[in-house]
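Everything on this sheet refers to the single structure shown next.
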Amino acid sequence: MKFALISTHGIHKARVKLDCNTGDCTSFINWLDIWSGFHFNYTELRKEDISYLKDFDVVMMSGHLNHISDIINIAKFLKDSNTVSMFYPEGSVQLYDNSIRGFHREYYDAWKACDIISMAEEDKASYYKSFVEPETLVRFIHVPISREMEAGSWFKNRRLKSPVSLVYGDNNPNHPLVAVAASKRCGLEVFAVECGEKETIEQIKEVTGHPKITATSKLSQNTFLHNLGRSIIHFYPTEWHGTAREVIACAAVGTPCIGSNQSHTQMRLFPELACNIYDVDRMAELGTRLLMDADYYQLIANRAFERVQFYNLANTKKRFTDAWEEAKEKKLAKQGLATA
């Protein structure tokens, strides 16, 4: 397959190789490594004749807020070719739910223009299908976990973990204060990642009354997995309903994740630990049981690792290629070229 990815990444007309020791190999950019593809930059493409994009089998476009019009134009340009266009959601756009950000007609126009929509959420197919034409495929195609995560290289049994809870702040609508409060109730120290500068951490300590918080800035994927694997419980009180890579990471490293009952990722991997993200009592109750019952803890961790194989390389590539082949057949049929 000749694969192209278009995003805001600075590299143009080149391959991109990610290093898990310094970067994030679960980013959508990793599709380039999976398919040995080429990356193109939206801004640079505006300056060029983009006819060469028709030489690719699939052109995946990252759904960045500032480039929806580019996606529409490129998808329409590719519509009568054999090249399949794919809309791939970025976390910054959330679910493209207009009740949150006001009505944005261009989102829906972008979906209609593309041959495939990769859903931000596994369980929202009917939502997307309500706003596209029948020939547009709606599929769940999420970037796979790394080969090391799939093989269990990062998985740690309970006896190897420390009485620490890793709390992640990043740029999604998470609530680290809730996670810190739940950690305190369970008697766990906190290792805070991307939760703010020193002044913010001091304020978190004051507000929650938690005396033992160690903080750090952004970590590479492998360093993050190492620390997450050493932590005994992870609290993930987030309003993010898209595919939560943090929950997936917990399943890969053997750390039970207590998170939102509105997250399809949580419900797939840790349904027993799903709850209202503001119910600190329930989060503390779930955490306490995990700490007190070693057999239950390991059962939850082992089940989640089995379930996370849904996101492994083979399964993900199959979802991708199945969608590509079906979309290609639809395009050929529309052109009157489909084989009998």
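The values are calculated or read from the model by the stated rules, or taken from the named source; none is laboratory data. Please read these numbers as outputs of a predicted model, since none were measured by experiment. Positions of Cβ are generated from backbone atoms using ideal geometry, with glycine treated the same way; all protein chains shown enter the neighbour counts. Heads up: the accessible areas ignore ligands, DNA and RNA and are worked out on the full protein's heavy atoms, side chains in. Shrake-Rupley method; radii C 1.70, N 1.55, O 1.52, S 1.80 Å.
Three principal axis extents of region 1-44 based on alpha-carbon atoms, in descending order, are 29, 24, 14 Å.
How many percent of the accessible area of region 1-47 is carbon or sulfur, using a 1.4 Å probe?
Values: 1080 of 2200 Å².
In region 1-47, the share of accessible area belonging to carbon and sulfur is 49 percent.
With protein chains left intact and a 1.4 Å probe, residues in the chain average 44 Å² of accessible area per residue.
Would you please classify the overall shape of region 134-211 from the alpha carbon gyration tensor, given that a ≥ b ≥ c denote the square roots of the eigenvalues, rounded means a/c under 1.5, and beyond that prolate means a/b larger than b/c while oblate covers the rest? Note, shape of region 134-211 comes out oblate. So which cysteines in the chain don't have a second cysteine's C-beta under 4.7 Å from them? Among the cysteines of the chain, those whose Cβ sits 4.7 Å or more from every other are CYS114, CYS186, CYS195, CYS275.
Within the straight-line cut-off of under 29 Å between alpha carbons, the lysines reachable from LYS212 are LYS156, LYS161, LYS184, LYS198, sequence neighbours fewer than 8 places apart in one chain being disregarded. The alpha carbon centroids of region 193-264 and region 296-319 are separated by 20 Å. Net charge in the neighbourhood of LEU188 (other residues with Cβ under 13 Å of its Cβ; Lys, Arg +1, Asp, Glu -1) is +4. Could you identify which residue out of ALA179, ALA249, ALA125 has the top mean-square fluctuation in a GNM of the chain using Cα springs shorter than 10 Å? For the chain, modelled as a Gaussian network with Cα springs under 10 Å, the answer is ALA125. For the chain, the 222 nm mean residue ellipticity estimated from helices alone, with every DSSP H stretch of n ≥ 4 adding -39500 (n - 2.57) and the total spread over all residues, rounds to -11500 deg cm²/dmol. Note on the chain: GNM, Cα springs under 10 Å; of ALA304, ALA151, ALA274, the largest mean-square fluctuation is that of ALA151. With the charge dipole of the chain set up from +1 on Lys and Arg Cβ and -1 on Asp and Glu Cβ about the Cα centre, the Cα lying farthest toward the positive end among the listed residues LEU291, THR265, TRP240 is that of LEU291. When the chain is treated as a Gaussian network with alpha carbon springs shorter than 10 Å, the biggest mean-square fluctuation among ASN30, ASN21, ASN302 belongs to ASN21.
Note down the magnitude of the dipole of the chain about its Cα centre, charges +1 on Lys and Arg C-beta and -1 on Asp and Glu C-beta and zero elsewhere, to the nearest 20 debye. So the magnitude is around 500 debye. Computed from Cα atoms, the angle from the helix 294-307 axis to the main principal axis of the chain rounds to 10 degrees.
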